[in-house]
Amino acid sequence: MSAIEVSGLKKSYGPREVLHGVGFRVEPGEVFALLGPNGAGKTTTVEILEGYRDRDEGTVQVLGTDPARGGSDFRARIGIVLQSSAVYPLLSVREILELFAGYYERARGVGEVIDLVGLGDKRETRVRTLSGGQLRRLDLALALIGDPELIFLDEPTTGFDPAARRQAWETIRDLRALGKSILLTTHYMEEAQTLADRLAILRDGRIVATGSPRELLSGATGVEIRYRRDGEEFVIATDEPTRVLNELTGQALAEGFELEGIEVRRRSLEDLYLELTREEAEVG
Ligand SMILES: Nc1ncnc2c1ncn2[C@@H]1O[C@H](COP(=O)(O)OP(=O)(O)OP(=O)(O)O)[C@@H](O)[C@H]1O
Ligand SMILES: [Mg+2]
C-alpha cells in the first residue's frame, strides 16, 4: 500500500480552479518533494492530503484512508508542519511540546525531540522570543512529537540560516532512516535534489514532471559550457563535453583568442525546474 495515492485531484476557490487534476504516489519510507512556483497549488494539495481542506474531485488515499473522512486515529498517524504557524507565545519550548505530547497515545519523549531539532539550549525559552528559524524548528518538533508514520513538511526550512538548513536535512534523513514517509514542499532546489527520492513539479495546478532527481535529469543534455568572446556570451549544452571542449580550446588556440570566464557545469534540478515553470513569453 502506498503512503499517499492521489489522482484526478481538483480544487476551486470560488469560481477559480487552482488544481486541475493532480496525481502522484508516495511509497512508504520515501521522501517525496512537491515543487512549484508561488501559487502553483502546493499548500492546497498538502492541506487536502492532511484532511484540512475539502477537495472538489479526485480520489485521495493517505495511509489507506480518505483524509476527508479520517478521524482521530488517522490524525495520530500523520505529523504536520504548516507553511506558517503561530502558537502559544507565552509557553516555553518544553511546555508546548509537553502539551502536544499529551494529545497522542504514544508520543516520543519531549527531551529527545528537542534534541533532534537542535533546540536543546532553548528548552525553557518562551516561544515569543524565538527567532524565525528557531520557531520553524519548533514547528518541526511539533510535527514529530506524536511519532507519526507520515510527515507533511510545507516549506520546512524557509528562513533557516545555512547551518540550520543542513541540520534540518539531517533530521529529515534521520526520519527517513526510521522508516517514516515524508512529503515536503520547498523552493530550494538543492534541498529537493539532496533529500528527495522522488519529486513532482507543479505548475498552475498541474504536474509537469515526476520522477527521481536522477531520472528527471537523465533525459536532458548533461553539461553546460559557458564562455564569453568579445563580450558576447555563448552557452553550449552538450552530452559530449570532452569533444566540445577540445574543439573549443583548439579553435581558441589556433585563432589566438581567450575563452573568457569559461565555466563547465552539470545541468542541475534548478535548470530543469526553471525551464518547466517558466511563464510562456507573451506573444504579440
Ligand atoms: N483560502 C483561499 N482562498 C482563495 N484562494 C486561495 C486560498 N488559498 C490559496 N488560494 C489560491 O490558490 C492558488 C494556490 O495556492 P497555494 O497556497 O496552494 O500555492 P502554493 O503552491 O503553496 O504557493 P507558495 O509557494 O506561495 O506557498 C493561489 O493562486 C492562491 O492565491
Ligand atoms: Mg504554499
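Whenever a residue of segment 167-191 is closer than 18 Å to ILE114 by Cβ, its partners that are assigned to a loop (DSSP other than H, G, I, E, B), lying with C-beta atoms within less than 7 angstrom and at least six residues away or across chains, give the pairs GLN167/GLY118; ALA168/PRO156; ALA168/THR157; ALA168/PHE160; THR171/VAL117. Scanning segment 144-159 for residues that are away from ligand 1 (no atom under 16 Å from the Cβ) and part of a strand (DSSP E or B) yields a count of 2.
Where strands (runs of 3 or more DSSP E) sit wholly within segment 1-64, those with at least 1 residues that are away from ligand 2 (no atom under 16 Å from the Cβ) and within 29 Å of ASP271 (Cβ to Cβ) occupy 4-13, 16-26, 31-35. Against the list (1) away from ligand 2 (no atom under 16 Å from the Cβ); (2) crowded, with 16+ Cβ neighbours inside 10 Å; (3) hydroxyl-bearing (Ser, Thr, Tyr), the condition TYR103 fails is (2). The criterion of at least 3 residues that are more than 21 Å from GLU240 (Cα to Cα) is met, among strands (runs of 3 or more DSSP E) falling completely within segment 182-230, by 198-203, 206-211. For segment 46-71, the set of residues classified as touching a Lys or Arg at 6+ places or on another chain (Cβ under 8 Å), surrounded by 17 or more Cβ atoms within 10 Å (Cβ to Cβ) and closer than 20 Å to ILE182 by Cα consists of GLU47, ILE48, GLY51, LEU63, listed by residue number.
Just name the residue that is surrounded by the most Cβ atoms within 10 Å (Cβ to Cβ) out of those in segment 153-208 that are small (Gly, Ala, Ser) and modelled with pLDDT under 95.
First pass over segment 153-208, keeping only residues small (Gly, Ala, Ser): 159, 163-164, 168, 177, 179, 181, 192, 196, 200, 205.
Next, from what is left, pick out any that are modelled with pLDDT under 95: 159, 163-164, 168, 177, 179.
Values: GLY159: 13, ALA163: 10, ALA164: 18, ALA168: 22, ALA177: 9, GLY179: 9.
Checked segment 153-208; the qualifying residue surrounded by the most Cβ atoms within 10 Å (Cβ to Cβ) is ALA168.
The values are calculated or read from the model by the stated rules, or taken from the named source; none is laboratory data. Nothing here was measured: the structure is a model prediction, and the numbers come from that model. Please note: Cβ atoms are built from the backbone with ideal geometry, for glycine as well, and neighbour counts cover all protein chains shown.
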